[in-house]
Amino acid sequence: MEQHRQILIAGTGKLAEALLAQLHRIPGLELFLWGRNSAAVNRLKDTYSIQSMGLDVKEKMPVLLCVSDNAIAEVAAVFKEKASLMVHFSGSMSIDVLPDSLAEKAVCWPIQTFGNPLAITWNKIPLCTETKGHKAEAFMDWVCTTLGGPHISLSEEKRRALHLAAIVLNNFTNHLMHLSKSYCEVQQIPFEQLLPLLQQTITQLNHADPYKVQTGPARRNDQHTIQKHLDMLQNEAELSEIYRLFSQQITNRYTS
């Protein structure tokens, strides 16, 4: 497998730093960093002992676009003449958002949240890839092998579907935890006592179907308990709405 010698990372956010933290350890790999936030560029440059640059790169090299979805097309246009190939990291954006003039391009979506880039363990993160061009395919093979995690090649349609499922699983669950924590604070009860329950729920999904391990009053169609809870939530409009909706859906699923 070809050893890549130069890579340009465009962006200075959490994903960019997580990649820099991993890639800067590779012997012989020269990293370049570009970003609009000069303070962030200088911090990352000093932290990871990498090159910073404007737009004066002289040799073509792979460009990794670690920017927000709505900035991909704009930043890609900036580097289209300087890239040997280009990669974006969005779960929902098409590979065709990258310039038409580029024959070699790829998508690499890490199925993970990047709240703390220094806590990322790449060899445990699934990577979802899509490529156009033989060089891009070989480069993504190298990236996936270098980062060390499991990877899967999916079409744009399937990747977008998986991204939607990830939103429901991760972002919506986090919102539920926020609502639960806020409720506990109002009631002056210890939210942290619920964390082992959440951890066990997640752990059991490694070997069990979520449908088969559903518990609770809605699963039992215990309308008496459900109504008592709704009465308790009269002053919690958001939580009450979600409790009513989820309870109805769960009851319908297990009694139909």
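Across the chain, the mean sequence separation of Cα contacts (distance under 8 Å, 6 or more residues apart), normalised by length, yields a relative contact order of 12 percent. Secondary-structure-derived ellipticity at 222 nm for the chain, considering helices only, amounts to -13000 deg cm²/dmol, per-run term -39500 (n - 2.57) for DSSP H runs with n ≥ 4.
Segment 154-196 and segment 32-75 have Cα centres lying 32 Å from one another.
Spin-label model, Trp142 to Leu245: label points 7 Å out along the Cα-to-beta-carbon direction sit 4.6 nm apart. Relative contact order of segment 104-181: 29 percent, from C-alpha pairs under 8 Å at least 6 residues apart in sequence.
What's the longest uninterrupted piece of the chain once you rule out the trypsin sites (Lys or Arg not before Pro) that are loop residues per DSSP with at most 13 other Cβ within 10 Å? Answer from the scan: 59-211.
Each Cα pair under 8 Å and six or more residues apart adds its separation to the average, and for segment 1-118 the resulting relative contact order is 26 percent.
Each Lys and Arg adds +1 at its Cβ and each Asp and Glu adds -1 at its Cβ; summed about the Cα centre, the chain shows a dipole of about 300 debye.
State whether segment 6-154 is rounded, prolate or oblate according to the following rule on the C-alpha gyration tensor (a ≥ b ≥ c being the square roots of its eigenvalues): a/c under 1.5 gives rounded; otherwise a/b larger than b/c gives prolate, and the remaining case gives oblate. Taking the square roots of the gyration eigenvalues as a ≥ b ≥ c, segment 6-154 is rounded. Beyond 28 Å, what share of the Cα-Cα pairs of the chain is found? Please give it as a whole percent. In whole percent, the long-distance tail amounts to 46.
Multiplying the residue separation of Leu230 and Ser153 by 0.36 nm and subtracting their alpha-carbon distance yields 23.2 nm.
Bear in mind that the values in this text are calculations on the coordinates, not laboratory data. Given the structure is predicted, the values throughout are model-derived calculations rather than measurements. Glycine also receives a Cβ, built like all others from the backbone with ideal geometry; neighbour counts cover every protein chain displayed.
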